[in-house]
1. Yes or no: ASP73 in contact with a Cys (Cβ under 8 Å, 6 or more places away or on another chain) and either in a helix (DSSP H, G or I) or closer than 15 Å to GLY306 by Cα (or both)?
2. Select from the range 79-119 the residues that are outside any helix (DSSP H, G or I), modelled with pLDDT of 95 or more and among the small types (Gly, Ala, Ser) and list them in ascending order.
3. Restricting to the range 374-391, and then to whatever is touching a Ser or Thr at 6+ places or on another chain (Cβ under 7 Å) and closer than 16 Å to TYR176 by Cβ, can you tell me which residue is surrounded by the most Cβ atoms within 10 Å (Cβ to Cβ)?
4. Is there a residue being open to solvent by less than 20 Å² (accessible area, probe 1.4 Å), free of Cβ contacts under 8 Å to residues at least 60 places away in the same chain and under 27 Å from the mean Cα position of the chain (by Cα) anywhere in the range 144-159?
5. Which one of these is assigned to a helix (DSSP H, G or I), open to solvent by 10 Å² or more (accessible area, probe 1.4 Å) and out of contact with any Phe, Trp or Tyr (no Cβ under 6 Å at 6 or more places or on another chain): ALA362, ALA268?
Amino acid sequence: MLSAGPLPAVTATARRHTQVKITGFEVVPFEVLVDRFGLGEPLPAHEVVQTLTRVLTDEGAEGYYLGGHFHGDQDGLLPGEQALITQFAGPLLAGRDPFDREYIWQQLWMSKLPENVVSVIDLALWDLAGRVTGLPVHKLLGGARDSVKAYASGVNSLGLPEDYAAHAAGCQRRGYRAYKIHNAIYWDPGTRRFAPPRPSHLDWDIETCRAVRAAVGDEMVLMYDPWGTYNTYDEALRVGRELERLGFYWYEQPMPEYRVESYVRLAAELTIPVCAPEIAEGGLYTRAEWILRRASDISRIDVLRGGITGAMKTAALCEAHGVRCELHMSGFGNLQVLGATSEDVCEYYERGLLGPGVDYDATPPYLQAPCDPLNADGFVTVPQGPGLGYELQWDYIDQHRLPPTEAEPVAPLHPR
């Protein structure tokens, strides 16, 4: 049975923290019922696999991280990723001081592990440090704020332009002061059917942006994210010009991110800030190259692109160059980074994904409290509990635990 167990007194634990050693990692898969939105309509409630990663120590102190595969805290690790943590990283880090996060981060980054796997380990170590000291991670990092502006991040392929407009207006009434559009992806608004990613639906996308602006007025901040679906510079430029006319706040990841020179040209041509890269691998180091090449006006990072350690390094890099660093996705880890950074550097929290028929505000059954409740002024409070701020429902996790899936980890140090 899983058990959080009482922690020793903070002062006593803090005094002897240098004696603590990592003994290994455990990844606990369990089932959870979710409601989500896809391809123009709400999906029936269905079971997905969530995971809880635990870093274990010889003194009994533990750290945790939920999820880690795709959208922040919400999607569990795949079996192969779980095996990399337990069968490769566990033996590699056994006997190390869990407070040596920088040393561990450097070793993991050089081990050629997938970015999200490195990130999950780093996040669990930060959670452990907070639980041992009794402090939220953003206070350990150096607290900057306790609440952050949130924007409503709509799902992709939400529907026709009028459906987007209605959803944005509903979010505005709910208290949001900002809203982000994701366009139609793998879905044709004309036929309302599944479709290949090319050609892009530029006319529909432009009409959607116009409809949303008309519905919410000039007082609502609007962002637009076509998720890299514009395959040519001319397509991206055409939409960017319309976004400028409509007064959008930023233009996010319009083209594939491996074509950096196209971004250099686009950022130089447009006045609306281009926000990228979002999903390009390489974390901090890729963002540094984009800044040097002036390939975007706003950089983008999240805690699954190098953990809290990597996200804070990226924020400092951006601050030194006078470039904003916007956090991608929702979740406990991103909120802790936002709590430790200035609004001048990291302005917004991405709350969502939101769509009709999706109860985003419901507390997941494996938590005692939600991550990011929205207040009437459009702000989200940074979790104040120890570590990342999880209040775990251990009984639920125990009762819905799945047997481990056999998987062969891909050994990063064994070339094929």
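1. Details: in contact with a Cys (Cβ under 8 Å, 6 or more places away or on another chain): yes; either in a helix (DSSP H, G or I) or closer than 15 Å to GLY306 by Cα (or both): yes.
Judged against the criteria, ASP73 is a match.
2. Of everything in the range 79-119, those that are outside any helix (DSSP H, G or I), modelled with pLDDT of 95 or more and among the small types (Gly, Ala, Ser) turn out to be ALA94, GLY95.
3. Initial filter on the range 374-391 (touching a Ser or Thr at 6+ places or on another chain (Cβ under 7 Å)): 379-382.
Filter once more, keeping what is closer than 16 Å to TYR176 by Cβ: 379-381.
On the way: PHE379: 17, VAL380: 20, THR381: 16.
The qualifying residue surrounded by the most Cβ atoms within 10 Å (Cβ to Cβ) is VAL380.
4. Step one: of the range 144-159, the residues open to solvent by less than 20 Å² (accessible area, probe 1.4 Å) are 148, 150-155, 157-159.
Going one step further and asking which of them are free of Cβ contacts under 8 Å to residues at least 60 places away in the same chain, we end up with none.
Taking every residue of the range 144-159 in turn, none turns out to be open to solvent by less than 20 Å² (accessible area, probe 1.4 Å), free of Cβ contacts under 8 Å to residues at least 60 places away in the same chain and under 27 Å from the mean Cα position of the chain (by Cα).
5. Working: ALA362 fails: assigned to a helix (DSSP H, G or I).
That would be ALA268, the only listed residue that is assigned to a helix (DSSP H, G or I), open to solvent by 10 Å² or more (accessible area, probe 1.4 Å) and out of contact with any Phe, Trp or Tyr (no Cβ under 6 Å at 6 or more places or on another chain).
Here's the yes/no breakdown for (1) among the β-branched types (Val, Ile, Thr); (2) at positive phi; (3) in a loop (DSSP other than H, G, I, E, B); (4) out of contact with any strand residue (DSSP E or B) (no Cβ under 6 Å at 6 or more places or on another chain):
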| position | (1), (2), (3), (4) |
| --- | --- |
| SER330 | no, no, yes, no |
| ASN334 | no, no, no, no |
| THR341 | yes, no, yes, yes |
| CYS346 | no, no, yes, no |
| GLU350 | no, no, no, no |
| ALA369 | no, no, yes, yes |
| ASP377 | no, no, yes, yes |
| GLN384 | no, no, yes, no |
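Here is a yes/no grid of residues against (1) assigned to a strand (DSSP E or B); (2) under 30 Å from ASN183 (Cβ atoms); (3) open to solvent by 50 Å² or more (accessible area, probe 1.4 Å):
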{"residue": "GLU31", "(1), (2), (3)": "yes, no, yes"}
{"residue": "VAL48", "(1), (2), (3)": "yes, yes, no"}
{"residue": "VAL55", "(1), (2), (3)": "yes, no, no"}
{"residue": "GLY68", "(1), (2), (3)": "no, yes, no"}
{"residue": "LEU77", "(1), (2), (3)": "no, yes, no"}
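The values are calculated or read from the model by the stated rules, or taken from the named source; none is laboratory data. Given the structure is predicted, the values throughout are model-derived calculations rather than measurements. Glycine also receives a Cβ, built like all others from the backbone with ideal geometry; neighbour counts cover every protein chain displayed. Each accessible area value is taken on the protein alone, full model and side chains, heavy atoms only, with ligands, DNA and RNA left out. Shrake-Rupley method; radii C 1.70, N 1.55, O 1.52, S 1.80 Å.
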